[in-house]
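We did not get these values from a lab; they are worked out from the coordinates using the rules stated. Bear in mind that the values here come from a model prediction, so they are computed numbers and not experimental data. Glycine gets a Cβ as well: all are built from the backbone with ideal geometry, and neighbour counts include every protein chain shown.
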Amino acid sequence: MKPVEITRGDGPVVLGLPHTGTWLPGKAAARLSDRGRALADTDWHVERLYADLLPGATTVRATFHRYLIDANRAPSGESLYPEQNTTDLVPVTDFEGEDIVTEAASVDEVAERLQAYHRPYHDALAAQLERVRARHGVAILFDCHSIRSRLPFLFEGTLPDLNIGTDGGTTCDPAIEAAVVARAEASGYSHVLNGRFRGGWTTRHYGRPDEGFHAIQLELAQSTYLADEAPPWRYDEAKAARLRPVLAAMLQDLADLAPSLGVAR
């Protein structure tokens, strides 16, 4: 199994999908507890939700599961959200704070997973962003995520439908942030900018507007497109049919903005 799948497009937008993969090598899979084997923290069907929304978009998708190693965590293991509950680079608990492994990976095993899975995903993502920037002068990364809308271990209450993250406006041009927020406001969905999820390591690492790399994360509440936020995690065609045009409009706005963002120095 290749750790990353790439679909090359000729437009300025790159979609990152770090958490839709469900593949695990045998040794890692065998160490999962019964709870862990449910793979509950997958970004279920996000690749289907975004499929064909923007002509010319490039897609970079991790095929491995985040329980093997999380492609949206810093390779150093540094926490994205200090003093808040979260999961690790190689998770030992799930989004409810419950154990998911019978034995934690050793330091050497973590290093091997970084080399075999985390690094190839980010090498591929970086290469595609460089290619797109060379063509357009800028590259816009739209990092695609979803999560259950009620997870007391991670946040209080119910998560808004659309959670937009730019790490306080530092990872992209203000026009990009404003365009996505405007579409969210017009959509009828609840939304928040830089709330509980203000952009993961991917958004923060690649978002360098002064160099022509712009990044923005959208964390969807899974209630917006799943029939139930529980097994078997069924995709709801009617819900998706309402959400997909909103996502398509966001992406098209970003593609249309690209020429006005200026050529990277």
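Brief remarks follow.
- For Tyr235, the amide hydrogen comes within under 5 Å of the amide hydrogens of Ala227, counting only partners 5 or more places away or on other chains and with H modelled in the peptide plane.
- P(r) of the stretch 162-265 over all Cα-Cα pairs, binned every 10 Å from zero, in whole percent: 15, 42, 31, 10, 1
- Net charge of neighbours whose Cβ lies under 12 Å from the Cβ of Thr7, counting Lys and Arg as +1 and Asp and Glu as -1: -2
- DSSP beta bridge pairing in the chain, given as percent antiparallel to the nearest 5: 35 percent
- Residues within the reach of a label modelled at Tyr235 (point 7 angstrom out along Cα to beta-carbon, backbone nitrogen below 20 Å), restricted to the stretch 44-87, are 44-66.
- Mean Cβ neighbour count within 10 Å, used as a protection proxy, ranking 168-179, 61-72 highest first: 61-72, 168-179
- For the stretch 160-220, alpha-carbon Rg relative to the globular expectation (2.2 N^0.38 Å, N residues): 1.04
- In the chain, the ratio of gyration radius to Kirkwood radius, Rg to Rh, stands at 0.94 when only Cα atoms are counted.
- Cβ-placed point charges (K, R +1; D, E -1), dipole of the stretch 4-259 about Cα centre in debye, nearest 20: 480 debye
- Relative contact order for the stretch 4-259, counting Cα pairs under 8 Å that sit 6 or more residues apart, in percent: 23 percent
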